[in-house]
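Peer 1: Pasting in a structure now, in structure tokens, and then I'll have a few things to ask.
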Amino acid sequence: MTPNASLRTMVRELRDHPSIRSKLDIAASTQTLGLTALSEGQPGDDCAVLPNKEGFDLFSCEGFINAFVKADPWFAGWCGVMVNISDILSMGGRPKAVTNAIWAPNAEQAQPVLAGMKAASLAYGVPVVGGHTNLRTDELQLSVSIIGQATKVISSFDARPGDVLICAVDLRGSYREPFDNWNAALTTPPAKLRETMEILPNLAEEGIVTSGKDISQGGIVGTALMLAEASGVAMDIQLEALPKPQNVDMTRWLRSFPSFGFLLSVRPENADAVCAAFTEHGVSATPCGDVSEGSALHLTGREGTAAFWDHNRTPYLNLSSKEAAHA
């Protein structure tokens, strides 16, 4: 095997994977709507950011792949609440309420989806306050929206050269097969779930996180690429430094969607304090890379370094700020 052959294979597989490439669809929608990173609400962040007198209202929405909803309807309903909460938390906010839109052939098939939503709402302490129901469609479909509030915002647009990347993931769980969803939430007591919901708002209010995103569809590599593009910077991820469950293939882990996972950029002097805030609650958090000038995301392992994506040559979400200081 030639040097770096396995790393190049990993990069190629990740670049071609549907969970990574599906994000490219976003650019087509924002272009049609005439949205840029400078539009109202700051498109490209995990939530729309709407200033108010006390700070910021945060608004987000998630739609779910039909095959996922059909295969695991109860967990899809749970995820409808859970992933929206992560969007609010990633921006330093506290979730307030969720609404849903569900389509199903009948009430019987809608029931497990709604039951999953109810269970998550009770576990996290975030109420479901309404929504839309259609019980006369051909198949199950689900979309869930959330509102939250923040005093100070953690944005995707503020990573700076010289920052340290930190990956924080709750590893206490397992895959919800056959999908790449790493589920730690269902094995965590509700009281502990609610405790971890305070970590990022507290860090935002302390002002020690420069920038960040929740690890969503697209996994660690897709999230890092979105963060790098939004901020107009380059990033290098050191694979062996990532928190990772034992006996999980690295390629799969890099595209996985954890129930509680965040990628943050911080100034070097703040890295220890940020990691400690997570580990205090049993969440694994480690420095895993660096932010520099440029536009490429690199993956570095024992076998060398490989370029994953250059967002200047090939835009990803195409929502980087035209005024970014480091673009």
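Peer 1: Just to be sure I understand: of the beta bridges DSSP finds with both ends in the chain, what percent are antiparallel, rounded to 5?
Peer 2: 80
Peer 1: Kindly state, as a whole number, the per residue volume in cubic angstrom of the convex hull around the alpha carbon atoms of the chain.
Peer 2: About 135 Å³ per residue, rounded to a whole number.
Peer 1: Determine, for each peptide in 273-280, 174-181, the mean count of other beta carbons within 10 angstrom over its residues, then list the peptides with the highest first.
Peer 2: So the order, starting with the most tightly packed, is 273-280, 174-181.
Peer 1: If we sort 42-54, 4-16 on the protection proxy, mean other Cβ atoms within 10 Å, highest first, what's the order?
Peer 2: The packing order, highest mean first, is 42-54, 4-16.
Peer 1: How much of the accessible area of the chain, in percent, comes from carbon and sulfur atoms when a 1.4 Å probe is used?
Peer 2: Using a 1.4 Å probe with all protein chains present, the chain comes out at 51 percent carbon and sulfur.
Peer 1: Also, I was wondering about something else. Ranking request for peptides 59-65, 111-117, 166-172: highest mean number of other beta-carbon atoms within 10 Å first, then the rest in descending order.
Peer 2: Top to bottom by mean Cβ count within 10 Å: 166-172, 111-117, 59-65.
Peer 1: Would you work out the relative contact order for the range 43-202, in percent, from Cα pairs under 8 angstrom that are 6 or more residues apart?
Peer 2: Contact order relative to length: 30 percent.
Peer 1: Please compute the per residue accessible area over the range 134-189 with all protein chains in place, 1.4 Å probe, rounded to a whole number of Å².
Peer 2: About 44 Å² of surface per residue is accessible.
Peer 1: Next question. Using only helices, what value at 222 nm comes out for the chain when you add -39,500 (n - 2.57) per DSSP H run of length 4 or more and divide by the total residues, to the nearest 500 deg cm²/dmol?
Peer 2: -10000 deg cm²/dmol
Peer 1: Follow-up. Against the globular-protein guess of 2.2 N^0.38 Å, express the Cα radius of gyration of the range 10-57 as a ratio, rounded to two decimals.
Peer 2: 1.57
Peer 1: Give the accessible surface of the range 193-239 per residue, rounded to a whole number of Å², with probe radius 1.4 Å and ligands, DNA and RNA excluded.
Peer 2: 21
Peer 1: If the limit is 19 Å between Cα atoms, which of Lys53/Lys152; Lys53/Lys96; Lys23/Lys96 go over it?
Peer 2: Table pairs above 19 Å Cα-Cα are Lys23/Lys96.
Peer 1: Separate question: Straight-line reach only, C-alpha to C-alpha below 22 angstrom: list the lysines that Lys244 could link to, leaving out same-chain residues fewer than 8 apart.
Peer 2: Lys244 reaches Lys192, Lys213.
Peer 1: A follow-up question, please. Return one whole number: the accessible area per residue of the range 24-70 in Å², for a 1.4 Å probe.
Peer 2: 62
Peer 1: Follow-up question, since we're still on this one. Relative contact order of the chain: what whole-number percent is it, with Cα pairs under 8 angstrom and at least 6 residues apart?
Peer 2: After rounding, I find 23 percent.
Peer 1: For Lys53 paired with Glu240, estimate the spin-label separation in nm (one decimal), with each label point 7 Å from Cα along the Cα-to-Cβ line.
Peer 2: Calculated label separation equals 5.6 nm.
Peer 1: Spin-label point model (7 Å from Cα, Cβ direction): what's the Val248 to Arg194 distance in nm?
Peer 2: 2.7
Peer 1: I need the Debye-formula profile for the range 180-327: one equal scatterer per C-alpha, no solvent, reported as log10 I(q)/I(0) at q = 0.12, 0.13, 0.14 1/Å, two decimals.
Peer 2: Once normalised to I(0) and log-transformed, intensities are -0.52, -0.61, -0.71.
Peer 1: Using a 10 angstrom cutoff on alpha carbons, build the Gaussian network for the chain and name the most mobile of Asp25, Asp310, Asp72.
Peer 2: Per the Cα network of the chain with a 10 Å cutoff, Asp25 tops the list.
Peer 1: To the nearest 10 degrees, how steep is helix 5-16 against the longest Cα principal axis of the chain, on a 0 to 90 scale?
Peer 2: Orientation of helix 5-16: about 40 degrees from the principal axis.
Peer 1: Nearest 10 degrees, 0 to 90: what angle lies between the long axis of helix 73-90 and the longest principal axis of the chain (Cα atoms)?
Peer 2: 50
Peer 1: A further question on this structure: For Lys118 and Ala28 in the same chain, what is the full-extension length gain: residue separation times 0.36 nm, less their Cα-Cα distance, in nm?
Peer 2: Contour length minus the Cα-Cα distance gives 29.0 nm.
Peer 1: Taking R0 as 30 Å, what's the FRET efficiency between Thr314 and Glu177 from their Cβ-Cβ distance, rounded to 0.05?
Peer 2: The pair Thr314/Glu177 has a calculated efficiency of 0.40.
The values are calculated or read from the model by the stated rules, or taken from the named source; none is laboratory data. Since we're looking at a predicted model, the values are computed, not measured. Cβ: placed from backbone, ideal geometry, glycine included. Neighbour counts: every protein chain shown. In case anyone asks, the SASA skips ligands and DNA or RNA and just uses the protein heavy atoms, side chains included. Shrake-Rupley method; radii C 1.70, N 1.55, O 1.52, S 1.80 Å.
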